[in-house]
Amino acid sequence: ALLNNADTDITVSDEYRAGGGVQLIDVNDIEANPFQPRTEFEVKALNELSESIKVHGLIQPVTVRKMGYDKYQLISGERRTRASIMAGLERIPAYIRIANDQEMLEMALIENIQRENLNAIEVALSYKRLLEECNLKQEELGERVGKERSTVTNYLRLLKLPDEVQIGLQQNKISMGHAKVILSVEDTDEQIILFKRIENESLSVRGAEEIVKQAKTNKTAPSSTPSKPAPAIFEIDDALKFKIEKIHQNLASNVAIKSKGNKGEIVISFKDYEDLERILSSLADNE
C-alpha cells in the first residue's frame, strides 16, 4: 500500500511494466546492478565515451527497474552510466521497468551478452548463472540468447580450464580458438604447458593444433620395428681372462675389454708410433 502511490510509481503504471517510457532520472538515484556480468571496464574506452557524452549527451538510454521512493537499479547500461557521471551529467534518460530478481538477472545477463563486448569467460559465467540461477536448460538458454546449443556448451566448457588459462583468455593472451585446442588436451599440467607455449611463441590456432596432433601421434603410434629385449651383459670369466693375459704377454702391451651388452671393443694400448708399428707387425705375423 505504501509503494502503490503516485510518488513512487513502482506498480501503478503499465507503461513501466512494458518498458515503454523514457524519463530523465537523477544519476544519484541509480544503484549498480548486482547481477552485472561484466567485471572490468576498459579505462580508455570509458574516457572516450565520456568525452562523446560531454559533446552529444547520452544518446542511448539506460534501462532500470524502479525500487521505490525514487530509487532505481540498473538492468543494463552501467558503462554508459559511469561515463555520464564522468562527463558531469546529473540526469540521464532511462527506460523504467518493473522486474523481480530472477527477471532482473535474466534481462541483465541476456542484454549484456547480446549487446556488450564481453570476453569469452564473462560470457561463459553469464551462461552458467542463467542455467543455475534462472533454472534454464541449455536448449532454453540457446533460444534466449539466439545461439545454438553447441555454442553454449563450448562456452561452458571454458570454465573447466585451469585458472591460469582462464585468466589468459580474459586478458586476450589467447583466443577462443586457442582455448578450444587446449581443451582437447586431457591432462591439466599439459594444458598449462601448451598455454605457455602459445603465449611465449605467439602460436596461431593452427600451430597449436599441430602440436597437439603431433603429441597424440607420438603417444599412440606403434614403433616401426618391434622392440627387442635388451641383450644380456656377459661376464669376463677366468677363461677370457687367461686369453687376455696371453695377448698381453705376446704383445707386451696393455689389453682392455670394453663391452655393452654382447658387443664391445678390444683396446690395445701403445706408447708411440714405433710401439704401434711393433704391435701391428706382431699381429700381422700371427695372422
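Details
- In Å², nearest 10: area of ARG157 left accessible to a 1.4 Å probe: 80
- Here the label points at ILE85 and GLN170, each 7 Å from Cα along the C-beta direction, are separated by 2.1 nm in the simple model.
- Taking a ≥ b ≥ c as the square roots of the eigenvalues of the alpha-carbon gyration tensor, segment 43-95 is classed prolate because a/c is 1.5 or more and a/b outweighs b/c.
- The charge dipole of segment 136-209, taken about its Cα centre with unit charges on the Cβ of Lys, Arg, Asp and Glu (plus for the first two, minus for the last two), comes to roughly 280 debye.
- Potential extension, ALA256-GLN214 segment - 0.36 nm per residue separation minus Cα distance: 10.6 nm
- Exceeding the 21 Å Cα-Cα cut-off - candidates LYS160/LYS196; LYS66/LYS128; LYS44/LYS147: LYS66/LYS128; LYS44/LYS147
- Taking PHE41, PHE270, PHE195 and ordering them by how much accessible surface each has at a 1.4 Å probe, largest first, produces PHE270, PHE41, PHE195.
- Solvent exposure ordering (accessible area, 1.4 Å, most first) of HIS248, HIS178, HIS56: HIS56, HIS248, HIS178
- Whole-Å semi-axes of the ellipsoid equivalent to segment 166-212 (Cα gyration tensor, √5λ, descending): 14, 12, 10
The values are calculated or read from the model by the stated rules, or taken from the named source; none is laboratory data. Not measured: the values here are computed from a predicted model. Note that each Cβ is placed from the backbone with ideal geometry, even for glycine, and that neighbours are counted across all protein chains shown. Side chains are part of the model used for accessible areas, which takes the heavy atoms of the whole protein and leaves out ligands, DNA and RNA. Shrake-Rupley method; radii C 1.70, N 1.55, O 1.52, S 1.80 Å.
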